[in-house]
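Report on the structure given below.
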Amino acid sequence: MSHSDSPSRVVSWIRRTYPVLGTIDPFALLEIEPIDDDAEITHALERIATSRHPDLFRQHLGRVEMAQLEAVYAACVAACHRLLDSEERRRLGARPRRMPRGTSSPTRMAPVMPINAPREPEMPTARLSPRAMHHARQAQAALALGDVASAILYLKMAVAAEPTAPQLREMLADAQRRLHR
């Protein structure tokens, strides 16, 4: 789509996607088949950005929906960056793009790696305030990109927003250990 979705369609997308952000497959999050193709992955994020970018809906959504939209969009960006790594894409089960008839196929296929890669920390399951959840999602996206320093900053803001959440403190301690390795 070249134009933004209606606010009601975006809210429906948020309600379907936000609750499963910690468990959804990156290909499913970008709404594409598991194809080993950089252009397809980039196009999927562009499609989401042009139709559901948070800046398009700031005047149309409430605070909670806006925080959830920002979290879902950040997860889409992180999924795109994760899938642009060809090895990671293959570990997640991406299939090579089928060659059109009449073209030569690649001579050697890269082996598909099992999905034994270390997983990112799971999001806290306890109920968090929208602000704390937003910061935690931003931290998760930063960790997925390997930006540990930014993740620590977001986790500190999440802990400040929700000081009684032990899961956030555990995530912060894990991120700090990663930084000092």
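The values are calculated or read from the model by the stated rules, or taken from the named source; none is laboratory data. On a predicted model such as this, the values are computed, not experimentally measured, just so you know. Note: ideal-geometry Cβ built from the backbone for every residue, glycine included; neighbour counts use all protein chains shown.
Results for (1) out of contact with any Pro (no Cβ under 9 Å at 6 or more places or on another chain); (2) of a type in the set (Gly, Ala, Ser); (3) at pLDDT below 90; (4) exposed (fewer than 11 other Cβ atoms within 10 Å of the Cβ), shown as yes or no for each residue.
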site: Ser4; (1), (2), (3), (4): yes, yes, yes, no
site: Val11; (1), (2), (3), (4): yes, no, no, no
site: Val20; (1), (2), (3), (4): yes, no, yes, no
site: His43; (1), (2), (3), (4): yes, no, no, no
site: Arg52; (1), (2), (3), (4): yes, no, no, no
site: Glu87; (1), (2), (3), (4): yes, no, yes, yes
site: Ala94; (1), (2), (3), (4): no, yes, yes, no
site: Arg101; (1), (2), (3), (4): yes, no, yes, yes
| query | Based on what the data block shows, is Arg181 among the charged types (D, E, K, R), over 19 Å from the mean Cα position of the chain (by Cα), loosely packed, with under 14 Cβ neighbours inside 10 Å and not assigned by TED's automatic domain parsing to the domain that holds Gly22? | reply | yes
| request: Restrict the check to the range 128-141 and report whether at least one residue is among the hydroxyl-bearing types (Ser, Thr, Tyr), assigned to a helix (DSSP H, G or I) and within 23 Å of Tyr73 (Cβ to Cβ). | output: no
| message | Taking the conditions exactly as written (farther than 28 Å from Met171 by Cα and in a helix (DSSP H, G or I)), does His81 satisfy them or not? | response | no
| request: For the range 58-82, enumerate the residues that are crowded, with 21+ Cβ neighbours inside 10 Å and either over 14 Å from the mean Cα position of the chain (by Cα) or among the polar types (S, T, N, Q) (or both). | output: Ala67, Gln68
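Residue-by-condition table, conditions (1) within 24 Å of Glu65 (Cβ to Cβ); (2) modelled with pLDDT of 80 or more; (3) polar (S, T, N, Q); (4) in the same structural domain as Tyr18 (by TED's automatic domain parsing):
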site: Ser104; (1), (2), (3), (4): no, no, yes, no
site: Ile115; (1), (2), (3), (4): no, no, no, no
site: Ala136; (1), (2), (3), (4): yes, yes, no, no
site: Ala141; (1), (2), (3), (4): yes, yes, no, no
site: Asp147; (1), (2), (3), (4): no, yes, no, no
site: Ala158; (1), (2), (3), (4): yes, yes, no, no
site: Pro163; (1), (2), (3), (4): no, yes, no, no
site: Leu168; (1), (2), (3), (4): yes, yes, no, no
site: Leu172; (1), (2), (3), (4): no, yes, no, no
